[in-house]
Amino acid sequence: TLEYAQGWPAAEALALDARFEGPGFSVAGASGRLAGVRVVSASAELADWRDSLLLVRADAEGDAGDVHRLLAESPLGPSLGETFARLEAAGPLAGEAVLVLPLKQLSDRVVTVRAAGRGLSLGIAGLAEGVTDLAGELTVRNTELYAPSLTGSALGGRFAASLDTRGRARGPLTT
């Protein structure tokens, strides 16, 4: 078990190869679990503590409900908003995360997450009907969202949708 950051769940059933060389370190072949989400493969590198640039990459899979709980109960939870907190999710989800973390200036971080799923169910607590049989891929890069093709069922029928907020600097959402 590894408690790696305040407010985040501990990594459990952890296996990894860590190397400390000179002013840096690297982690390869890491796997384990975070709050029920299976981390299939992960790596990290900080080439030089003086530069303080941490690179992290991880592939994970699990139930969408476990992923939602992981995020909602993490330090990110409050910034994701009330609607995200009320989200109910289920179904198989797989994804990857790539983090570029300049530790001396974390506001310059770049976080990219790509997730794909089929047969997902999404709803909002308190609403009568949600989305079922949701399939597609979503990419989140910092505050930008991109999903070129989402399909599913809602309100008694099938739908197809896309969304793209890239390059809009908090401007209108294109759907």
In this structure, the FRET efficiency calculated for residue 162 and residue 20 from their beta-carbon separation, with R0 = 41 Å, to the nearest 0.05, is 0.35
Show that you can apply the helix-only estimate: for the chain, add -39,500 (n - 2.57) for every DSSP H stretch of four or more residues, divide by all residues, and state [θ] at 222 nm to the nearest 500. -3000 deg cm²/dmol
Quick check: from the Cα gyration tensor, does the chain come out rounded (a/c under 1.5), prolate or oblate? prolate
What number comes out for accessible area per residue over region 30-158 if the probe is 1.4 Å? Units Å², please. 58
Taking alpha-carbon centroids only, region 46-101 lies from region 130-165 a number of Å equal to 18
Could you list the trypsin sites (Lys or Arg not before Pro) in region 1-98 that lie in coil according to DSSP, counting only those with at most 13 other Cβ atoms within 10 Å of their Cβ? 50
Given bins 10 angstrom wide, list per bin the percent of all Cα-Cα distances in region 1-65, short to long. 21, 48, 27, 5, 0
So how many Å³ per residue does the convex hull of the Cα atoms of region 68-151 work out to? 101
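With a cap of 11 neighbouring Cβ atoms within 10 Å, and only residues DSSP puts in a loop, list the chymotrypsin sites (Phe, Trp or Tyr not before Pro) found in region 1-71.
Here the sparse-neighbourhood loop sites are 4.
Can you pull the percent of region 13-77's accessible area that's carbon plus sulfur, 1.4 Å probe, other chains left in place?
Numbers: 2030 of 3600 Å².
Carbon and sulfur atoms account for 56 percent of the accessible area of region 13-77.
Using DSSP to define loop residues, name the GluC sites (Glu not before Pro) in region 39-79 whose beta-carbon has at most 16 other beta-carbon atoms within 10 Å.
When the GluC sites (Glu not before Pro) of region 39-79 are filtered for loop state and at most 16 Cβ neighbours within 10 Å, 73 remain.
The values are calculated or read from the model by the stated rules, or taken from the named source; none is laboratory data. These numbers come from a predicted model, not from an experiment. Reconstructed Cβ throughout: ideal geometry from the backbone, glycine too, with neighbour counts over all protein chains shown. Note: areas computed on protein heavy atoms with side chains; ligands, DNA, RNA excluded. Shrake-Rupley method; radii C 1.70, N 1.55, O 1.52, S 1.80 Å.
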